Amino acid sequence: MNILFLHQYFKTPEQEGARRSYYLASALAKADCRVKVITSRQQKEAVFPETLPPGLQLRSYYIPYSNHFSWTKRLWAFVRYASIALRHALGSRYDWLYATSTPLTVGFVAYVAHRLRGKPYVFESRDLWPEIPFALGFLKRLPFVQRILYWLTKQVYKHARLVVAVSPSMKAHIKKHYGIKHVVCVPNMADDAFFEIPLPAQEAHPLRMLYAGSLGDANDCLQLLRLIHELPPSLRQQIRFSIMGEGKQKNAMQDYIARQGLRDVVEWLPTGNAQAVQQALQAHDIFWVSFAPIPWIDTGSPNKFFEGLAAGRICFSTLNGWTAHLLQRYCCGFIIHNAAALQKAIEAMQDVQQRVRMQKNARQLAQRFFHREKLTHKWLLALTAKGLLQRPAE
C-alpha cells in the first residue's frame, strides 16, 4: 500500500524538534506500507539522514520559517509548502493520504485532493486551527474571511476518513463544535526507553529547573523569568534555571536577565536534538511547560511534557486543561500562575521523600498512558478499523 504523508515540520531523531511523525510514518513502513513523506526544511544546508527505515521515503524542500517571522511571512511559508504538497497530492501515486497540522493549510490540500481524485485521507489536528490564530488576533478585522476559514475547516474534518486529535479536550471540541463523530484521540508519546535515565540524586543542592523548547510569543517564557524575579531573594538563591531554546523572545529574555540581575540564577544551554534534551533532563530535577494564557492553547499536547514525564522529572506548568488535571491527579507536578504558587512549589520540593514520590509518579504516568508503542498500536488499530490498512496491525 502506498501512502502520501504530509507534514511541513517532519523531524528525524537526529534533528531538533518533535519526532511524532517520524514514529508514525515508521510504524506504517513497518506494517509493509510504502510511505512518501513531503516536508520542508528551514536551512539550505540542512541534511536528512541517508538511512531511513525500509519503505520510508523523504522529500524535503527549502522553505524558511521562524517564529521571528510576522504573520504575513509565516502565512507565505504555509502557502509555499501547501502548493508543493498539493502538487504531490494531485500528481503522485498513492492509496491514501495522511495530513498532519500545523498548519491547517495542509488539511486543505488533503481535502482538495480528495475532491479532485477521490483519495481518502486522514487529518491529524495538533493544534486547534483556526481557533488559536483567531484568538491571537489573526484576521480580526475580516470576520467574513474568518467565517470562510471555519467553513473550510469543517469540510476538512467532515470529509476525512478519520480525524486524529492529540488530546481528549481537542477531540471533545472537534466533535461538539464541528459535529464530527469519526475522531480518535492519540496524544503525543513518551519515549520511555530513550528517556529512561536515572532519577536525580537527592543530596542537598539548589533545585535545578529546565526549560527546553521554543521561545516564541505563544510560549511566553518571559513570564518564567518574572516569576523567578518576584521570589524572595533567599528562595531565589535555592534554585538554578536553565534555558535551552531559540525563538522570538530570546533577546528580550537576555535583556531581562541582565537588567534584573538574574545571571547567577539563569544559564543558557545550547540547543540540540533529542540526545541533547535527554542529557539536559538528566542534570535537572524539574522541567517547565510554558505557554501564554491564550484561549484554546491548553487543548494542545506539548511534546516536552511527555519527554519530561518519561525522564521521571517533576513538571512545573503554566497550562490549565487536561495536562493540569493529570499533574494534580497523579501528583507529579505543580500548576504555576504566579510567584506565590512558584514559592509554594519550591518549598514543597525541599521534602526529599515527596520529591522522590513525585518523580516516580511522573515516570509511571508516562509508562501507563503515553508509552510510544502502546499509542502507536492504538493509532494503527484506528486506521485498520477505517479500512486504511490491509491487515490487522500487530
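Only the coordinates and a few stated rules stand behind these numbers; no lab work does. Treat the numbers as computed from the prediction; the structure is a model and nothing was measured. Glycine also receives a Cβ, built like all others from the backbone with ideal geometry; neighbour counts cover every protein chain displayed.
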| In nm, spacing of pseudo-spin labels at Ala348 and Lys175 (7 Å Cα→C-beta vector) | 3.1
| Quick one: Debye curve from the C-alpha atoms of the stretch 44-133, no solvent, what's log10 I(q)/I(0) at q = 0.15, 0.17, 0.26 Å⁻¹? | -0.69, -0.87, -1.36
| Kirkwood estimate for the stretch 207-369, i.e. one over the average of 1/r between Cα atoms, Å | 15.8
| remark: Extension length gain for Leu199 and Leu75 (0.36 nm per residue less Cα distance), in nm, is 40.4 nm
| said: Springs between alpha-carbon pairs under 10 angstrom, Gaussian network model over the chain: which of Leu75, Leu104, Leu375 fluctuates most? | reply: Leu75
| note | If amide H atoms are modeled at 1.01 Å from N in the peptide plane, then the residues at a separation of 5 or more from Ser242, or on another chain, having amide H under 5 Å from its own are Met209, Leu210, Tyr211, Glu267
| query | Here are several values of volume of the Cα convex hull per residue in Å³: (1) 140; (2) 152; (3) 301. Which one was derived from the coordinates shown? | reply | (1)
| What is the distance, in nm, between label points placed 7 Å from the Cα along the Cα-to-Cβ direction at Leu90 and at Arg263? | 5.7
| note | For the chain, averaging the sequence separation of alpha carbon pairs under 8 Å that lie six or more residues apart and dividing by its residue count, the contact order in percent is 15
| field | For the stretch 85-233, alpha-carbon Rg over 2.2 N^0.38 Å | value | 1.39
| remark: At the level of C-alpha centres, the distance separating the stretch 76-123 and the stretch 133-177, in angstrom, is 17
| request: Return the sequence-ordered ³J(HN,Hα) values of the stretch 208-214 in whole Hz as given by the Karplus equation 6.51 cos²θ - 1.76 cosθ + 1.60 applied to θ = phi - 60°, using x for Gly and Pro. | output: 9, 10, 10, 10, 10, x, 5
| request: In debye, nearest 20, what is the charge dipole magnitude of the chain about its Cα centre with +1 on Lys and Arg Cβ and -1 on Asp and Glu Cβ, if you could check? | output: 1660
| remark: Taking Cα atoms only, helix 71-91 is inclined relative to the longest principal axis of the chain by an angle, in degrees rounded to 10, of 40
| Hey, could you pull the Cα Rg and Dmax for the stretch 5-79, both in Å? | 13.3, 42
| task | Can you pull the one-decimal nm distance between simple spin-label points at Leu116 and Gln367, each 7 Å off the Cα toward Cβ? | result | 5.0
| note | So, for the Cα atoms of the stretch 300-394, Rg and Dmax in Å stand at 16.9, 55
| query | What's the local net charge at Gly55, with K and R +1, D and E -1, over the other residues with C-beta under 11 Å away? | reply | +2
| remark: At R0 = 41 Å the Cβ-Cβ FRET efficiency linking Asp217 and Thr51, nearest 0.05, sits at 0.65
